[in-house]
Amino acid sequence: MVLRQRPLFKKIDHAFMRMQLNNNIRISHGILTILLIKMTIFNLLLL
């Protein structure tokens, strides 16, 4: 019974970890885009 249920838990854990990874990538991507926008604005102001 326990052995049969273990792969299911592993699958759920794997999916959860993947979701967390995707969220982290999305957040870092958002921060990078904001930094890029700020840099371009500063460059336009300097020009």
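Since every read-out is calculated from the coordinates, none of them should be taken as a lab result. None of these values were measured; they are calculated from a predicted model. No Cβ is skipped: glycine too gets one built from the backbone with ideal geometry, and neighbour counts run over all protein chains shown.
Output the 0 to 90 degree angle, nearest 10, between the alpha-carbon long axis of helix 2-46 and the longest principal axis computed from the alpha carbons of the chain. In the chain, helix 2-46 runs at an angle near 0 degrees to the longest axis. Farthest toward the positive end of the dipole of the chain, out of 21, 33, 8, is the Cα of 8, where the dipole comes from beta carbon charges about the Cα centre. Counting every pair of alpha carbons in the chain, the share spaced more than 14 Å apart comes to 69 percent.
Calculated mean residue ellipticity, 222 nm, the chain: -35500 deg cm²/dmol, from DSSP H runs (n ≥ 4) at -39500 (n - 2.57) each, averaged per residue and rounded to 500.
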